[in-house]
Each structure stands twice: as structure tokens, then as C-alpha cells.
Amino acid sequence: MKEKAVFNWSGGKDSTFALYKVLNAGDFEIVLLLTTINEKYNRISMHGVRALLLEQQAESIGIPLRKIMLPEIADMDTYTAIMGKETVELKKEGVSAFIYGDLFLEDIRKYREKQLSGSGIRPEFPVWNYPTRQVAHDFINLGFKAVITSVDASKLDKTFAGRLFDKSLLLDLPPGVDPCGENGEFHTFVFDGPIFSKPVSFSLGKTLHKTYKLKDKSLNSGFYFTDFVPE
């Protein structure tokens, strides 16, 4: 019997690439995709994608989705408390591993390991230290299709929001911007590819600029979000 695992899912390309790798390896039974949702806007946290599109994405992939509702502005203590309760419940359901699509940010990995310490659930990082340029090109070459949902306005201009994540986009990225946006430069939504039974249909809506009141003033330039409208 395969070990039961939950995949911590963002709906973006890194998550999708890692899930593809895990499903091909066949070592785990992925029982759930676990995603945090901004309860005020009913959208994926940070990515800004509507929950309905997330649900259609999970349905096409064929793995049940569990949504964790977060307040509009959730500090780390709030996030940790909410996820801690969820971890306890998932352990009771027989889950013994949480799988993440993180690539190289050591502080995030250490946080996840600390969060699960003593829970009876261990973290797994199947694409850890995979070179991000290779991830980007492998993702595209495998036939996955994704769009840019949001960009950090201090790193990229408005024109990048809503663009396809393709080789043309990679060539247009300014120097210093990670090809996978691993430093938060941009986020993506995957709508088709080898693990999808059918594409997720949507049309492009408006692109809006939003700022947040953050302690780190360097982030106060805000973000551009493109709305994707379900069809």
C-alpha cells in the first residue's frame, strides 16, 4: 500500500511540475490538493486566481481539493495556527507526508520543516535544488500551459501580467528576475498539460494594481493582478 500524502498546491507551475514528478514516480498516493484561499475575495492567496478556476483545475487533474480559508491579511502566527489545526486533522485521516513544490528558498523550507516537527507528518521536496531555468524549460517542453497571474511591480511592469508562460516570456524577463519567479517576482496559473484531462477555460479580465501595508517598505510598490474569468 502506498503512503498517503497531501500535496500543498498553489495552482502554479512549480506545484504542477513537482506534482507531475511525484505522480510519475508513483511512490505516494496523493489524497488531496491543499490550497489556501483568501476568504474575503475567494481567491488563491497571493496568486489572486478565483477559487472556481482552482476547483476546475483540480477536477481536470483528478485529485480532490481541500481549501483552507485565510483572513484577508494573515500574519505568520495566524497562518501557522490555522495550518497546525489542519495538520492534526490530516494526520487522523492517515496522511504521513506533505509534499511541496519549493525550489531553493532555505527560509521557507526551514519554516515548513519546523511547522511539521512533532506532528507525525514529514515534509517532502521532490524538486528541491532543481535549477530554475531548467524547471522553466522542462515545464514548457512537457506541454504544460500557464499564464502569469500577478507580478511584483518593483521587478516587472504591468505588461507581464496575463502573459503566457512560454519561451518568449523567458527571453523578455529582465536580468535578475528568476525564470520561475522563485523570489516572488511573479506567480502563475496552470490551465493545461500532461496531467490534465481537459484544459481549464477562461478569458482575460482587467489588470489591477494593488498595494499592501507591509513592514518591509521595499515591497510597497505593490503588485499587478490580472483577473481570469471562468468560461
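The values are calculated or read from the model by the stated rules, or taken from the named source; none is laboratory data. Because the structure is predicted, anything quoted here is derived from the model rather than measured. Ideal geometry is used to build each Cβ from the backbone, glycine not excepted, and the neighbour counts take in all protein chains shown. The protein model used for the area step is the full one, side chains on, heavy atoms only, and it has no ligands, DNA or RNA in it. Shrake-Rupley method; radii C 1.70, N 1.55, O 1.52, S 1.80 Å.
Taking the criterion of being under 19 Å from G12 (Cα atoms), under 19 Å from the mean Cα position of the chain (by Cα) and part of a helix (DSSP H, G or I), the residues of segment 111-161 that qualify are R112, T132, R133, Q134, V135, A136, H137, D138, F139, I140, F160. Residues in segment 137-160 that are farther than 15 Å from P179 by Cα and hydrophobic (A, V, I, L, M, F, W, C) were compared, and the one that is modelled with the lowest pLDDT is A153. Give segment 21-45 a look and list any residue that's surrounded by 22 or more Cβ atoms within 10 Å (Cβ to Cβ) and among the aromatic types (F, W, Y), or say none. None - no residue of segment 21-45 is surrounded by 22 or more Cβ atoms within 10 Å (Cβ to Cβ) and among the aromatic types (F, W, Y), so the list stays empty.
Quick check: anything in segment 53-67 within 17 Å of the chain's Cα centre (by Cα), among the hydroxyl-bearing types (S, T, Y), assigned to a helix (DSSP H, G or I) and at pLDDT 95 or above? Yes, segment 53-67 has at least one match.
Of N42, N38, all but one fail to be touching a Leu at 6+ places or on another chain (Cβ under 7 Å) and either of a type in the set (V, I, T) or at pLDDT below 95 (or both); the exception is N38.
Beta carbons closer than 6 Å, at least 6 apart along the sequence or on distinct chains, pair a first residue in segment 122-137 that is under 14 Å from D27 (Cβ atoms) and open to solvent by less than 60 Å² (accessible area, probe 1.4 Å) with a second that is among the small types (G, A, S) and not in a helix (DSSP H, G or I) for E124/A97. Within segment 58-71, residues that are surrounded by 15 or more Cβ atoms within 10 Å (Cβ to Cβ) sit with their Cβ atoms under 8 Å from residues that are polar (S, T, N, Q) and at pLDDT 95 or above, at 6+ positions apart or across chains, in these pairs: S60/S197; I61/S197.
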